[in-house]
Amino acid sequence: MTPASTPPWRRERRAHFPGVPAWGLATSRQAPERFDVSPLAEVSKEWAWGGADGAGVRVCVVDTGVDAGHPGIGGLERSYQVVSVDGGELSVAECEPADPAGHGTACAGVIRSIAPAAALTSLRVLTDGKTGTGDALMTGLGWAIDAGFDLVNLSLSTTRSDFRGSLQDLADRAYFRRCLLVAAAHNMPVVSFPWTFSSVVSVASHDEADPMTYYYNPAPPAEFHARGVKVPVAWPGGRQIRSTGNSFAAPHITGICALILSKHPWLTPFQLKTVLYLAADNTVTPNTVTPNTVTPDNVTHSTVTHNGEAHVP
Amino acid sequence: MSPDDIDGTERRLLQSIVEVARHMFGAAASSIFLVDPDTGDLVFEAVSGEGEEQLVGSRFPAGTGIAGWVAASGQPMVADDVSAVTMFAQDAAESTGYVPRTIMAAPLIRFEQCAGVLEVLDRTASRSELDDMDLLGLFATQAGCALELMLRVRRSHGQEPDRDPQALLRRIGERLQGRAVPPDAAAVRLLALADDLLAL
């Protein structure tokens, strides 16, 4: 029996044979369920996350593990890894909060720097180094979605097309369970997943230094540009280096999403993406003419969208 | 060089990739690691510049260093100020005798999988890190295509039918002896057909 405090998207689902019982609701005799809407007001950065610190939001970093002892991490809720059990079947088990590679620690540190009160969990799906990592990713991601995280950071992608279908199913399941996947765009001319799916938030890099500046990309699949150049990131041994790559842009958006969700906990994934869009630095609402932040004089933003205004040369 | 010397061509291809990568960025060194399919280790396969003489053939355990990051995540990246990091510097100095300030790395993707990593150490300062990474990514994609073609050629050579019927018969005999399960029924029918044809 599901407790009454469980939000609707986490309830146990009835077993549905296709169409039986029907998905429909007889609203003439049964009132639609009340839903505690988080209403969208004038969306600005201040409305979206002013005063928020990420408290109450659970984030899973699906990566190479996270070094919980690094001063830039400040502890983890839990640490898990994908393990191979008897017969080669993969499952998820608790593990030491360590990161042999450093990539997951770097990503977790970026999230922590933006959302200091968010609860971070690490799930290691990489580092055995062998090429068959796609299976570990599928097992781990499926687990994370069912484990009820609000946000999953995926600074990785797979180029294997045989995973496309099942990965898309997972992304859709996450979307409907109100678990938002934030995925790094691949910056090479190859086809990879899941960042190309519309049910996730995909992130590429801009080259400015402000961690809270991000742009909406009017020509997706990469939907947002966040800080991804010379990012100070946590490095094994308690140190810090500067790294460049979309791997470090994605956790900026994950951190910002954690702030937004901690202030507006009833936002659905499609609302959250809308808030991200409306609070981006290059979008404007019909009521305001200027973008959310002032554009430096020496930078031309061809992507600024002036809603309702025609551009006539 | 014989036209069948695929190994020789592959070696020259790998060396050419690192030479071009190094010169494209005016870098101190460039190297290729390939992922050992059995252990997951990263093995130095070609080096241009610092460490050129001694590095080829040495290995690193899976998931270590910047190359490990890139092989694991499949994403290209740039790391700056790495020499300021004691741990990294020690590892690098011990294994290569050279401590870089900056490392840039991109995955080499072959048959939809990361087959290795292309690294560029201490490139000349440039206008834009993003442009550098894009260029390295494009070049790594081209290199990955070349490596994939190489493997396709090698496979098709391996599949060429044996022209010596005695050797072929011997190999079939060995295959049949070593099997725990009965051979495929279609294969047996084909053998019977070959027997009929040879009897003509």
Size of charge dipole - region A:54-311 - debye, nearest 20, with Cβ of Lys, Arg +1 and Asp, Glu -1, no other charges: 240 debye
query: In terms of modelled amide H atoms, which long-range or inter-chain residues lie less than 5 Å from the amide H of B:Asp41?
result: B:Asp36, B:Ala62
query: Which whole number gives the average count of other chain Cβ atoms within 10 Å of the Cβ atoms across peptide B:110-120?
result: 3
statement: In a Gaussian network model of chain B with springs linking alpha carbons closer than 10 Å, the residue among B:Pro100, B:Pro37, B:Pro165 that fluctuates most is B:Pro165
- prompt: According to a simple spin-label model (label point 7 Å from Cα along Cα-to-Cβ), what is the distance in nm between B:Arg170 and B:Leu190?
  reply: 2.2 nm
field: Alpha carbon centroid spacing (whole Å) that separates region B:106-177 from region A:193-212
entry: 30 Å
query: What is the average number of partner chain Cβ atoms found within 10 Å of a Cβ in A:182-188?
result: 5
task: Kindly work out what percent of the DSSP beta bridges joining two residues of region A:54-311 are antiparallel, to the nearest 5.
output: 35 percent
query: GNM, chain B, Cα, under 10 Å: largest mean-square fluctuation among B:Ala27, B:Ala72, B:Ala187?
result: B:Ala187
message: I'd like the FRET efficiency for A:Arg13 and A:Tyr277, computed as 1/(1 + (r/R0)^6) with the beta carbon distance as r and R0 of 25 Å, rounded to 0.05.
response: 0.25
task: Please give the contour-minus-distance gain from A:Val83 to A:Met212: 0.36 nm per residue of separation, less the Cα-Cα distance, rounded to one decimal in nm.
output: 42.8 nm
statement: Between A:Ser202 and residues 5 or more places away or on another chain, the pairs with built amide H atoms under 5 Å apart involve A:Ala183, A:Glu223, A:Phe224
- prompt: Under 5 Å between amide H atoms, partner at least 5 residues away or on a different chain: which partners does A:Val83 have, H built in plane at 1.01 Å?
  reply: A:Ser91, A:Val92, A:Ala93
- request: Please work out whether region A:84-182 counts as rounded, prolate or oblate from its C-alpha gyration tensor, where a ≥ b ≥ c are the square roots of the eigenvalues and a/c under 1.5 means rounded, while otherwise a/b larger than b/c means prolate and anything else oblate?
  value: oblate
- prompt: For region A:69-85, in order, what is each residue's ³J(HN,Hα) by Karplus, 6.51 cos²θ - 1.76 cosθ + 1.60 with θ = phi - 60°, in whole Hz (x at glycine and Pro)?
  reply: x, 5, x, x, 9, x, x, 10, 5, 8, 10, 10, 8, 7, 10, 9, 9
query: How many nm is it between the label spots at A:Arg173 and B:Asp7, if each spot is 7 Å from the Cα in line with the beta carbon?
result: 4.7 nm
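With a 10 Å Cβ neighbour count serving as the proxy for reagent exposure, in which order, fewest first, do A:Arg160, B:Arg59, A:Arg239 appear?
The order, fewest Cβ neighbours first, is B:Arg59, A:Arg239, A:Arg160.
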message: Which one, A:Gly56, A:Ser91, A:Ser243, projects farthest toward the positive side of the charge dipole computed for region A:54-311 from Cβ point charges (K/R +1, D/E -1)?
response: A:Gly56
- prompt: Hey, in the GNM for chain B with a 10 angstrom Cα cutoff, which one of B:Gly144, B:Gly49, B:Gly173 fluctuates hardest?
  reply: B:Gly173
query: Using the count of nearby Cβ atoms within 10 Å as a rough guide to exposure, how do A:Ser161, A:Ser79, A:Ser247 rank from fewest to most?
result: A:Ser161, A:Ser79, A:Ser247
message: To make sure I understand the rule: partners must be aspartates and glutamates, Cα under 14 Å from the Cα of A:Lys273, and not fewer than 8 residues away in the same chain. Which ones qualify?
response: A:Asp150, A:Glu223
statement: Charge dipole of chain B built from unit charges on the beta carbon (Lys, Arg +1; Asp, Glu -1), centred at mean Cα; most positive-end Cα among B:Val78, B:His23, B:Leu34 is B:Leu34
query: So, in nm, how far is label A:Glu46 from label B:Asp134 when the simple model puts each one 7 Å beyond its Cα toward the Cβ?
result: 3.6 nm
Nearest-0.05 FRET efficiency for B:Ser126 and B:Arg152, computed from C-beta distance (R0 30 Å): 0.30
query: In whole Hz, what ³J(HN,Hα) sequence does region A:136-144 give by Karplus (6.51, -1.76, 1.60; θ = phi - 60°), x for Gly and Pro?
result: 5, 4, 4, 4, x, 5, x, 5, 4
- line: Most exposed to least, judged by fewest other Cβ atoms within 10 Å, A:Asp210, B:Asp36 sort to A:Asp210, B:Asp36
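Rule-based calculations on the coordinates, nothing more; no lab input. For clarity, every value in this text was computed on a predicted model and none was experimentally measured. No Cβ is skipped: glycine too gets one built from the backbone with ideal geometry, and neighbour counts run over all protein chains shown.
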